[in-house]
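The values are calculated or read from the model by the stated rules, or taken from the named source; none is laboratory data. Note that the structure is predicted; figures quoted are calculated from it, not measured. Heads up, the Cβs are rebuilt from the backbone with ideal geometry, glycines too, and the neighbour counts pull from every protein chain shown. Accessible surface is based on the protein model in full, side chains and every heavy atom, while ligands, DNA and RNA are left aside. Shrake-Rupley method; radii C 1.70, N 1.55, O 1.52, S 1.80 Å.
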Amino acid sequence: MASTPPHCSITATTKPYQNHQYPQNHFKNHRNHHHNNNRNQAHPQKFSLSKPPPSSSNATKHTTAAASAASASSARAPISQIPAPFPSLAPDFSGRRSTRFVSKMHLGRPKTTVNTRHTSVAEEVLQLALLNGQTSLENVLVSFESKLCGSDDYTFLLRELGNRGDHEKAIKCFQFAVRRERRKNEQGKLASAMISILGRLGKVELAMDIFETALREGYGNTVYAFSALISAYGRSGYYDEAIKVFDSMKNYGLKPNSVTYNAVIDACGKGGVEFKRVVEIFDEMLSGGVQPDRITFNSLLAVCSRGGLWEAAMNLFSEMVNRGIDRDIFTYNTLLDAVCKGGQMDLAFDIMVEMPANVLPNVVTYSTMIDGYAKAGRFNDALNLFNEMKFLGIGLDRVSYNTLLSIYAKLGRFEEALDICREMEGSGIRKDVVTYNALLGGYGKQGKYDEVTRLFDEMKAQRVSPNLLTYSTVIDVYSKGGLYEEAMDVFREFKRAGLKADVVLYSALIDALCKNGLVESAVSLLDDMTKEGIRPNVVTYNSIIDAFGRSTTSECLSDTGQISELQTKTSSLVIERGIEADATDGEDNRIIRIFGQLAAEKGGQAKKGCGVKQEILCILEVFQKMHELEIKPNVVTFSAILNACSRCDSFEDASMLLEELRLFDNQVYGVAHGLLMGYRENVWIQAQSLFDEVKSMDSSTASAFYNALTDMLWHFGQKRGAQLVVLEGKRRQVWENVWSNSCLDLHLMSSGAARAMVHAWLLNIRSIVFEGHELPKLLSILTGWGKHSKVVGDGALKRAVEALLTGMGAPFQLAKCNLGRFISNGPVVAAWLRESGTLKLLVLQDDRTHLENTRFQEISNLQTIPL
């Protein structure tokens, strides 16, 4: 779900809820904060990315969360060798910038440089200027020239005309004032004010013209003029130009001040400049003796927020405390955004708990937290915060409504989503493109294609223009649902709208091809995408890796709609060149042709085996390409590769693939390789670090990771290792409410994870029996109905569990009223568990072990493991 500009109430000076007293028992770990006013002194040391700055005892009280985050980060190994703490797919594929970058804006901050020394004459001139046109403005200014008090009055006129968006009158007034003013320093003040006003209005080219004229005529060579131009470029996203202007100041013998540094740091934040480069500017600021202020740190935090650099953000926050710099609502909101985007929701909650000692949370605070919980899959926590907002009387804005609506849509709770829509419209906020995108995505994931079509038509009837994300979502939904003709029609409409395909749309098309087995066509489309100058992202490559491992390479469809067999290519040809296309066919025709062929064939294309070795080479080639493009693999990539390993014909092929991938990332793939090879003792501590990283992911991504790793280990006979992994997932609550003494719920697990869990659960209830306790009268094992199978109730998971139970002679049978449920009588199961041969059946062993695993081998059975 994309983000929208904030509602005007966010920056209102009086919030309706500020009269409410926060209930003191509503927050946990509430801390008192004391500030030392003598701390605002020079700190010439450089800022550290790797560790938090030293803090005094008073600062420590306020930054408990920061200190704990820093210590945790040093104890944990990252999921990849690339420095960014966590991958961030959501902004790329969901079209969402974050929960509002309003945090990095300085709206509502008291103006420290507003000139109020204008005369009443200036106010009279302003009224006349507003009433008269541009042609009459010159006469008005001439008639009042003798009464206007120099640059103060003219600066007032410029600012007020700019506030009303009338840049043409402002420029005319500026030109008049500069001609009348003889003092260079006063002309420079006027020029700085005019450049700043044009920058706020987005008229950066006009601002540049004013700057160059001022420089040429000798009154623009001031720090303030340069700073104003840097800010103007930054506001419009031209960070390269902003940095060039900043660097050019030295050529004019000018020394940047705090305003200059704040402007260039803010420009870097808006332009997505790497944090390392921004820190270099910050270090230069400190070494030059220029002291940072709250605006400096808020801008630095905004850079961290954009990249989800939560550890660096916490360090910056600690530095603010050490320097005695007050934190405002924007400081906290931007910090929270960085921490939430880094997946550290528990830390974010602690920060929010501490806020009322300094500043009350506002609608942006809650929206940021709710969005963070939603992206982490913690929907109940998100809804609890929404209820807290209502309790405190905090009115929702457009972003809050859209975030809440998206949560209900993802949960499939469409009645409540529609209630939110009605409440939103009742408060005077119309549904926008973000609202519709959330509903389209939610209905699409539930397979409600008629509703998707209805909503898509409704938004156009309501004159809400679909954006790139809308078209990408609808095409993706239709493609995955097999509605290829509808997808082709939407793509044609997309082209008629004059929009250009981006990485999101290409990734959706490539994913659709991959899921239909047309891997080579997908690679060919990837080649077209890069030729168009569109950079693939990790989502794009994940689809192709998953497809290569899922099945043997498929055939590509010919122009006539018939299936033409393609010769198996080497991995280099597949990845670098793809399939040679007809030179007369453009990008759009290729996509439409693919959809047409999919519609004609309905996914019935023939497949041709290319050999497991070839598939492994293809996966390695894709991984190499990602490495070259500096595209960071994530946990989804890892899961796709593990799934590919599980489909390998031999242990040697799987181990070879993981061994090769260790060259790219020894930590992540070293864990998988070590567990596969039986070096569990050596890699288990490293595995714990990996599990810590996965814990921050949303529940579906985390469960996919555990399922893939366990499947691979089970497939190659490392069943004891598979069980330890799955129990680790249970301990970390990857699968909620997975078992009790009476029921084992497996429906979110893969076949390998489920079978490992069945053994562990039976050992657990065996320990209950041998402790002299009775089992519940009815025991159940739930596998689900097999919603992805052709026959309801005949899913692959059910068949795997049924074969396992039958093979062990476990006295469970299918329930007549529930085809995905195995049941048994408690006393019958207890009698079976007491049999002498049962324990040997239940205790799992690895096919490959090493002497290093002696500590694990001392555990003779899993009864002794606390479950």
Q.
Condition first: part of a helix (DSSP H, G or I), under 19 Å from GLN344 (Cβ atoms) and open to solvent by less than 40 Å² (accessible area, probe 1.4 Å). Now tell me which residues in the stretch 692-706 satisfy that.
A. GLU693, VAL694, THR701, ALA702, PHE705
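For every residue, the table says whether it meets (1) modelled with pLDDT of 90 or more; (2) farther than 29 Å from GLY678 by Cα.
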residue	(1), (2)
ARG766	yes, no
ASP794	no, yes
LEU797	no, no
LEU819	no, yes
LEU842	yes, no
THR854	no, no
LEU867	no, no
Q) Failed condition for LEU215, given (1) under 19 Å from THR296 (Cα atoms); (2) assigned to a helix (DSSP H, G or I), with all others met? A) (1)
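Looking only at residues in the stretch 451-493 that are over 13 Å from LEU439 (Cβ atoms) and hydrophobic (A, V, I, L, M, F, W, C), which one is farthest from the chain's Cα centre (by Cα)?
Within the stretch 451-493, the first condition is being over 13 Å from LEU439 (Cβ atoms), and the residues that meet it are 460-461, 463, 465, 467-468, 471-472, 475-476, 478-493.
Those still in the list that are hydrophobic (A, V, I, L, M, F, W, C) too: 461, 468, 475, 483, 487-488, 490-491.
On the way: ALA461: 32, LEU468: 18, ILE475: 22, LEU483: 29, ALA487: 27, MET488: 29, VAL490: 27, PHE491: 26 Å.
Top of the filtered list is ALA461.
Only one residue in TYR478, TYR408, TYR401, TYR471 is touching a residue at least 24 places away in the same chain (Cβ under 8 Å), in a helix (DSSP H, G or I) and either open to solvent by 20 Å² or more (accessible area, probe 1.4 Å) or out of contact with any helix residue (DSSP H, G or I) (no Cβ under 7 Å at 6 or more places or on another chain) (or both), so which one is that?
On the way: TYR478 fails: either open to solvent by 20 Å² or more (accessible area, probe 1.4 Å) or out of contact with any helix residue (DSSP H, G or I) (no Cβ under 7 Å at 6 or more places or on another chain) (or both); TYR401 fails: either open to solvent by 20 Å² or more (accessible area, probe 1.4 Å) or out of contact with any helix residue (DSSP H, G or I) (no Cβ under 7 Å at 6 or more places or on another chain) (or both); TYR471 fails: either open to solvent by 20 Å² or more (accessible area, probe 1.4 Å) or out of contact with any helix residue (DSSP H, G or I) (no Cβ under 7 Å at 6 or more places or on another chain) (or both).
It is TYR408.
Restricting attention to the stretch 743-758, which residues are touching a residue at least 40 places away in the same chain (Cβ under 8 Å) and surrounded by fewer than 23 Cβ atoms within 10 Å (Cβ to Cβ)?
Those that are touching a residue at least 40 places away in the same chain (Cβ under 8 Å) and surrounded by fewer than 23 Cβ atoms within 10 Å (Cβ to Cβ): HIS747, LEU748.
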Q) Among the residues of the stretch 253-280, which ones are without any contact (Cβ under 8 Å) to a residue 24 or more places away in the chain and assigned to a helix (DSSP H, G or I)? A) ARG277, GLU280
(Q) Looking only at helices (runs of 4 or more DSSP H) that lie completely in the stretch 712-829, which have at least 2 residues being hydroxyl-bearing (Ser, Thr, Tyr)? (A) 751-770
Q.
Quick check on the stretch 188-196. Is at least one of its residues within 25 Å of VAL140 (Cα to Cα) and assigned to a loop (DSSP other than H, G, I, E, B)?
A. no
Q | Qualifying positions in the stretch 505-522 - surrounded by fewer than 22 Cβ atoms within 10 Å (Cβ to Cβ), touching a residue at least 60 places away in the same chain (Cβ under 8 Å) and part of a helix (DSSP H, G or I) | A | none
**Q.** Residue ranges of helices (runs of 4 or more DSSP H) in the stretch 286-368 with at least 3 members buried (at least 24 other Cβ atoms within 10 Å of the Cβ)
**A.** 294-307, 310-322, 329-341
Q) Got at least one residue in the stretch 826-834 being in contact with a Gly (Cβ under 9 Å, 6 or more places away or on another chain) and either modelled with pLDDT of 90 or more or at negative phi (or both)? A) yes
Q. In the stretch 491-504, which residues are open to solvent by 10 Å² or more (accessible area, probe 1.4 Å) and without any contact (Cβ under 8 Å) to a residue 60 or more places away in the chain?
A. GLU493, ARG496, ALA497, GLY498, LEU499, LYS500, ASP502
Q: Please list, ordered by first then second residue, the pairs with beta carbon atoms under 7 Å, 6 or more apart or interchain, first in the stretch 181-195 and basic (Lys, Arg), second not in a helix (DSSP H, G or I).
A: LYS184/GLY218; LYS184/TYR219
Q: Working only within the stretch 799-817, note down all residues that are open to solvent by 30 Å² or more (accessible area, probe 1.4 Å) and at pLDDT below 90.
A: ARG799, LEU814, LYS816, CYS817
Q) Of everything in the stretch 657-691 that's open to solvent by 30 Å² or more (accessible area, probe 1.4 Å) and among the aromatic types (Phe, Trp, Tyr), which residue is farthest from GLN614 (Cα to Cα)? A) TRP684
**Q.** Residues of the stretch 441-466 satisfying the condition of being open to solvent by 50 Å² or more (accessible area, probe 1.4 Å) and not in a helix (DSSP H, G or I)
**A.** GLN446, LYS448, GLN462, ARG463, SER465
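Table: residues versus (1) open to solvent by 20 Å² or more (accessible area, probe 1.4 Å); (2) farther than 20 Å from LEU130 by Cβ; (3) at pLDDT 85 or above; (4) part of a helix (DSSP H, G or I).
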| residue | (1), (2), (3), (4) |
| --- | --- |
| ASP152 | yes, no, no, yes |
| ALA170 | no, no, no, yes |
| CYS173 | no, no, no, yes |
| ILE230 | no, yes, yes, yes |
